[in-house]
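Asker: Supplied in structure tokens, the structure appears directly below.
The values are calculated or read from the model by the stated rules, or taken from the named source; none is laboratory data. Everything numeric in this text was worked out from a predicted model, so none of it was measured. All Cβ positions, even for glycine, are placed from backbone atoms using ideal geometry, and neighbour counts span all protein chains on display. Areas reflect the complete protein model, heavy atoms only, side chains present, ligands, DNA and RNA absent. Shrake-Rupley method; radii C 1.70, N 1.55, O 1.52, S 1.80 Å.
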Amino acid sequence: MAHLRSRRRLALAVPVVLSLTASLGFLPAAASAAPHAAPAAQAKDAATMTYVVNTKTSRQTVAKVERAIAAAGGTVVTTYDRIGVVVVHSANPDFARTIREVPGVDSAGATRTAPLSAAGTTDVGGVQYLSEAEVAQLGKAARASKKPKGSVPLEPLEAEQWDLRAIGADKAAAINPGSAKVTVAVIDTGVDDTHPDLAPNFSASQSANCVSGKADTTYGSWRPVDADHYHGTHVAGEIAAARNGVGVAGVAPGVRVSGITVAQPDENQWFYAESVVCAFVFAADHDVQITNNSYYVDPWKYNCPDDADQKAIVDAVNRAQLYAQRKGTLHVASAGNSNHDLAARSIEDASSPNDTTPVTRTIDPKKCLDAPAQLPGVVTVAATGVQNLKSYYSNYGDGVIDVAAPGGDRYQIPDTPSGNGRVLSTMPNGEYAFLQGTSMAAPHVAGVAALLKSTHPRATPAQLQALLKAQADNPGCPVEPYDPDGNGTVDSFCKGNKHRNGFYGFGVVNALRAVK
């Protein structure tokens, strides 16, 4: 599943809350426990598509467009009149073309290339359990680890969390772990708020399920549909896992975290535009200060304005995220895992659309945008490993990357009990896992932003972003050619200087400076 910024490879678990799962690259298609739909329902929905219709925001215009939608064979799912975005279902193949001709419509297009369909069921591979001896050995290694001067007592698995030490988050927690008045919403696959490391800091009142494009706040609706929708739970732990003597710690263990589910409940876990629009608006209207976005909006890795559907997707998502910014919400987003230079003259995209049959195309990254990472005002995050070097998979680009943060790298080996260069965090059902990706880098930045907001409660999104950049540590472009796998081939080229460059933007974020 290329739209998520990490990928699972191997699962290792232990009974009663302790598991360590290794992961490489991107997230693959995961299994789903959702039931099959009846054949009649499948036939009925076979040709139904979802659209976003972007209009002027006057009530009269929106009302006229809604009437035109009905006349064109569309059904309104919900209308976000404050930003002029209407989510529509229609089986009319000419719907988008028809509605674009309606006065007051700025853009309109399908949010996917495949019709709406029922969720399927697939099998998932078995879990490899750690022995009691291995569990005891891991706990013993953690207890034997020396607590860094000026830091708080270690959590049971914190010896594995090289990423916290890399940005000074362990020492920051001793000064200010973050305020419970600050909430980071994880827009993702769902968050398991029953996890013992997440339950103390979870905000149910700021959580919802936005999969349909309309917020469902039924209690528990934000939870992952199954254990394979683990991505959001891992991200949430990186941000705000409590320092409670259990498992791991988050970058900002004193702030609140919420979950806004946008991933489809099937095996593909697509993140479609209508769901993301709903999430941004919900976050803004429920006093969320920061959102974490470790994904790109499916089905296009890059959305080009000369395609009417892709233009409508960017327009709708951008309206929603700008609305949230105006209401005081900062957005943090992962840059992507393709090792693409987002400042290059051109990029070959062979993965879009990812919900039907991809077609290889050459795009201009200055015009064809990764949403939401490249939208205005969004903090775009690259990933690093324990050596403070850009992760081998991380996208980069001078003038595109804002900051960098630990995302893990299997080629950069830390001095930890396991020697695992990935990032350890929470998983559904009380478990823990290692993952790597820019998916893991973004929540480190969201956590630091939450610490900044705790320290400077009146700071605007723009001011928080400026502080993230000003306090970052920039290692500068590597002196040696960038060849992380050591095969003699230079894999990326860093442009820029010590102040700002393509690998790190303004630098690697610093949690300790955020609380001083």
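Asker: Return the ratio Rg/(2.2 N^0.38 Å) for the range 166-219, where Rg is computed over Cα atoms only.
Answerer: Expressed relative to 2.2 N^0.38 Å, the Cα Rg reads 1.41.
Asker: Considering all alpha-carbon pairs of the range 284-382, what whole percent are spaced by more than 17 angstrom?
Answerer: 51
Asker: Does a label point 7 Å from the Cα of Y411, set along Cα-to-beta-carbon, have any residues of the range 481-504 with amide nitrogen under 14 Å, and which are they?
Answerer: Those under the cut-off are 481-494.
Asker: Sorted by average packing, counted as other Cβ atoms within 10 angstrom per residue and highest first, what order do 398-409, 421-432, 201-212 take?
Answerer: 398-409, 421-432, 201-212
Asker: If you don't mind, another one. For a label point 7 angstrom out from the Cα of T217 toward its Cβ, which stretches of the range 276-299 have the backbone nitrogen within less than 15 Å?
Answerer: Under 15 Å, as judged by backbone N against the label point of T217, lie 279-288 of the range 276-299.
Asker: Just to confirm the filter: which chymotrypsin sites (Phe, Trp or Tyr not before Pro) across the range 213-257 are DSSP coil and have at most 11 other Cβ within 10 angstrom of their Cβ?
Answerer: Here the chymotrypsin sites (Phe, Trp or Tyr not before Pro) that fit, given the DSSP loop and packing criteria, are Y219.
Asker: Here is a further query. Taking the Cα atoms only, what angle lies between the long axis of helix 132-144 and the longest principal axis of the chain, rounded to 10 degrees?
Answerer: For 132-144 against the chain, the angle is about 70 degrees.
Asker: Step through the residues of the range 340-356 one at a time and calculate ³J(HN,Hα) from phi using the Karplus curve (6.51 cos²θ - 1.76 cosθ + 1.60, θ = phi - 60°), rounding each to whole Hz and writing x for Gly and Pro.
Answerer: Running phi through 6.51 cos²θ - 1.76 cosθ + 1.60 with θ = phi - 60° gives 8, 8, 6, 9, 6, 5, 7, 9, 8, 10, 10, 10, 10, x, 8, 9, 9 Hz.
Asker: Also: Using a 10 Å cut-off on Cβ atoms, rank the peptides 73-83, 500-510, 239-249 from the highest mean neighbour count down.
Answerer: The densest-packed peptide leads the list: 500-510, 239-249, 73-83.
Asker: Further question: So which of K181/K301; K56/K367; K367/K516; K147/K495; K301/K495; K64/K367 end up more than 28 Å apart, counting from Cα to Cα?
Answerer: K181/K301; K367/K516; K147/K495; K64/K367
Asker: Turning to a different aspect of this structure: Using a Förster distance of 25 angstrom, determine the FRET efficiency expected from the C-beta separation of A343 and Q463, and round it to 0.05.
Answerer: Here the calculated transfer efficiency is 0.45.
Asker: If you stretched the chain out fully between D285 and T360, how much longer would it get, using 0.36 nm times the residue separation minus the C-alpha to C-alpha distance?
Answerer: This chain segment gains 23.1 nm when fully extended.
Asker: Once R0 is set to 35 Å, what does the formula 1/(1 + (r/R0)^6) return for the Cβ-Cβ distance between A350 and K495, expressed as a FRET efficiency to the nearest 0.05?
Answerer: Calculated transfer efficiency: 0.90.
Asker: Could you order peptides 435-443, 300-308 by the average number of other Cβ atoms within 10 Å of their residues, highest first?
Answerer: Listed from highest to lowest mean packing, they are 435-443, 300-308.
Asker: Quick one: check the C-alpha center-to-center distance for the range 53-68 versus the range 463-497, whole angstrom.
Answerer: 46
Asker: Please list W270, W162 from largest to smallest accessible area, probe radius 1.4 Å, with all protein chains kept in place.
Answerer: Ranked list, largest accessible area first: W270, W162.
Asker: Does the range 396-516 come out rounded, prolate or oblate, given a ≥ b ≥ c as the square roots of the eigenvalues of its C-alpha gyration tensor, rounded meaning a/c under 1.5 and, failing that, prolate meaning a/b above b/c?
Answerer: Cα axes put the range 396-516 in the oblate bin.
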